[in-house]
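To keep things clear, I will list the structure first and then write my remarks on it.
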Amino acid sequence: KKELISLQDGFRESTESWLTLLRDLKNRGIVPPKLVIGDGALGFWAAITEVFPEAAHQRCWFHKMGNVLDKLPKSQQTKAKSMLQEIWMAATRKDAYEAFDAFLAEYQAKYPKAAECLEKDKDALLTFYDFSAQHWVHIRTTNPIESTFATVRNRTYKVKGAFSGKTIVTMTFKLIQSAQERWQRLRGFHHLDNVIRGVPFKDGIMVKNENKLANNKQSNQDAA
């Protein structure tokens, strides 16, 4: 299940603010994450790379789509949204690459800023293919917590300036703690032990006995 593990106030999502939070987690003994998911906040990614360099990065498709569509005229957005969905809904990484190239071919010449916005995070947008397909719904975006943040923003906006920073953080904690009880449970939780042990996945499917097959093949060649 999903759980809230840390909350701190910070300055505009700066690297230093994120470093403070992540170092605190590390000092508390958290196991280095296999994967981190986030939006385009540069401070977050710089801090993650410094504190947990072994973690893989997955950029949020919800935020990326919004950023790309904002760089297109409204007349193009419906078609572009459909083409973007073809990428992250593709069954395999190969199919996703093909859909990626199709989007760039369609928009790169006329709308280079939109194409550049998508292309610069290509690898980080497709990291989810290295994890169980049953987990994709949870790791392709930060959507599982966006509704919670919306509630927090709504409440804190209405009391802006009415309380101290410490009081606002306390209220935010209680709101998230309450929302946590309604968070969707993880699908495919039985695959988590495989992820933790580093069992490889290809296009969402667990690669079984890869090393054993390679060793058997080598043994057969040696015997021949």
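The values are calculated or read from the model by the stated rules, or taken from the named source; none is laboratory data. If you're wondering where the values come from, they're calculated on a predicted model, not measured in any experiment. All Cβ positions, glycine included, derive from the backbone under ideal geometry; neighbour counts span all protein chains shown. Keep in mind that these areas ignore ligands, DNA and RNA; they rest on the heavy atoms of the full protein, side chains included. Shrake-Rupley method; radii C 1.70, N 1.55, O 1.52, S 1.80 Å.
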| Can you give the Kirkwood hydrodynamic radius of region 71-173 from its Cα pairs, in Å with one decimal? | 16.5
| said: For the pairs LYS64/LYS94; LYS74/LYS110; LYS26/LYS94; LYS34/LYS174; LYS2/LYS120; LYS81/LYS113, flag any whose C-alpha to C-alpha distance is greater than 24 Å. | reply: LYS26/LYS94; LYS34/LYS174; LYS2/LYS120
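Provide the gained length on full extension for the span ARG153 to ASN67, in nm with one decimal, where the gain is 0.36 nm per separating residue minus the Cα-Cα distance. Walk me through the numbers on the way to the answer.
Working: separation 86, 0.36 × 86 = 30.96 nm, distance 2.05 nm.
Contour length minus the Cα-Cα distance gives 28.9 nm.
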| task | Can you tell me the 0 to 90 degree angle between the C-alpha axis of helix 93-107 and the longest principal axis of the chain, rounded to 10? | result | 60
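Relative contact order for the chain using alpha-carbon pairs under 8 Å, separation at least 6, rounded to a whole percent? Before the final figure, lay out each step's value.
Numbers: 227 pairs, mean separation 51.2, N = 224.
Computed value for the chain: 23 percent relative contact order.
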| request: Identify which of the listed values of volume of the Cα convex hull per residue in Å³ was calculated from the structure shown: (i) 121; (ii) 171; (iii) 155. | output: (ii)
| query | Roughly speaking, to the nearest percent, how much of the chain's 1.4 Å accessible area is carbon and sulfur? | reply | 53
| request: Could you pull out which residues in region 41-57 have an amide N less than 12 Å from a spot 7 Å beyond the Cα of GLU13, following the Cα-Cβ vector? | output: 41-46
| request: With a 10 Å radius around each residue's Cβ, average the other Cβ atoms per peptide and rank 111-117, 124-130, 174-180, highest first. | output: 124-130, 111-117, 174-180
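Keeping all protein chains in place and using 1.4 angstrom, which order do VAL159, VAL137 fall into by accessible surface area, from largest down? Write down the numbers at each step before the final one.
Working: VAL159 35, VAL137 65 Å².
Largest accessible area first, the residues go VAL137, VAL159.
Kirkwood Rh over alpha-carbon pairs of region 1-96, then Stokes-Einstein at 20 °C and 1.002 mPa s: what D in µm² s⁻¹, rounded to an integer?
On the way: Rh = 15.6 Å.
Calculated translational D: 137 µm²/s.
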| task | Would you mind checking region 188-210 for residues with the amide N under 17 Å from a putative spin-label position 7 Å along Cα→C-beta of GLU54? | result | 193-201
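Return the calculated 222 nm mean residue ellipticity for the chain, to the nearest 500 deg cm²/dmol, obtained by summing -39500 (n - 2.57) across DSSP H runs with n ≥ 4 and dividing by the residue count.
Taken over the chain, the calculation gives -17500 deg cm²/dmol.
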| task | Relative to the longest principal axis of the C-alpha atoms of the chain, give the angle of the C-alpha long axis of helix 74-88, reported between 0 and 90° and rounded to the nearest 10°. | result | 50
| said: Under 16 Å from a point placed 7 Å out from the Cα of GLN108 along the Cα-to-Cβ direction: which residues of region 121-147 have their backbone N that close? | reply: 121-123
| task | Report the extension gain between GLN180 and ASP24 in nm, rounded to one decimal, defined as 0.36 nm multiplied by the number of residues separating them, less their alpha carbon distance. | result | 54.0 nm
